[in-house]
1. Compute the angle between helix 43-59 and the longest alpha-carbon principal axis of the chain, please, reported from 0 to 90 degrees and rounded to the nearest 10.
2. For the stretch 45-123, what is the per residue volume of the convex hull drawn over the alpha-carbon atoms, in cubic angstrom?
3. Using a Förster radius of 35 Å, what is the FRET efficiency between GLU26 and ARG170 based on their Cβ-Cβ separation? Nearest 0.05, please.
4. Using only helices, what value at 222 nm comes out for the chain when you add -39,500 (n - 2.57) per DSSP H run of length 4 or more and divide by the total residues, to the nearest 500 deg cm²/dmol?
5. Taking H as built 1.01 Å from N, whose amide H comes closer than 5 Å to the amide H of GLY33, not counting residues under 5 places away?
6. How far is helix 14-23 tilted off the main Cα axis of the chain, in degrees rounded to 10, range 0 to 90?
7. Which whole-number value in Å³ per residue fits the convex hull of the alpha carbons of the chain?
8. Please rank TRP75, TRP160, fewest neighbouring Cβ atoms within 10 Å first, as an exposure proxy.
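Laboratory data are not the source of any read-out in this text; all were calculated from the coordinates shown. These figures come from a predicted structure and were not determined experimentally. Cβ coordinates were reconstructed from backbone atoms using ideal geometry, including for glycine residues, and neighbour counts include every protein chain displayed.
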Amino acid sequence: MTTDVLEQQQTYSAEDYLAMEEAALEKHEYRNGKIITMPGGTATHNIIAVNITTALKIALKETSCRVFNADMRIWIADANRFTYPDAMVVCGALEFGLGRQDLITNPTLIVEVLSESTKSDDRGEKFDDYRTLKSFQEYVLVHQKEKRVEKYHKLEAERWMLEIYTDPKREIALRSLNASLILNDCYDGVEFEEKAM
């Protein structure tokens, strides 16, 4: 079935989605019966994602936390949703959904690299859905076109604090992990287009 046909269909069960995804040549997310094709990532998007997963792996060495890239899905049962975040960290024992080993249900931290086609969802409905996960403590949104990171940290149920980082030398404090990233390290190797004056 083509992507266009998938997205025009009314609804699919989670089981249908998982079966189709195993045979698919491209990745899809699932949102309450709808199958959504993931847009292809740009070189900048990929460089940033690799930088962040690498920096997280180094920062969390010799801890109980594991770092995953965009090949691992999250299953959000309360929202009936499967996502492929750009990076995530699980601290403690891994918990899986639906009896499978490829559906994480207990991320501590989630990272999304923002793109024009996904940024509204990443900040909106997807963030709402992520917040239904009891383990979820921190959300990092990374811009592609400028050095800018938005980080949300859970203070208590229904209360999150937003911090914005734009200083290249500033440490991004990841309180849920007792670790940090340097903003500049997230953008290592990225060449930004010069803004017109």
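1. Helix 43-59 sits at roughly 70 degrees to that axis.
2. Values: hull volume 7.4 nm³, N = 79.
Roughly 93 Å³ of hull volume per residue.
3. Details: r = 36 Å, r/R0 = 1.03.
Working from the Cβ atoms, E equals 0.45.
4. Numbers: 6 runs with 48 residues, N = 197.
It lands at -6500 deg cm²/dmol.
5. TYR12
6. 80 degrees
7. Here the figure is 136 Å³ per residue.
8. Final ranking by Cβ density, sparse to dense: TRP160, TRP75.
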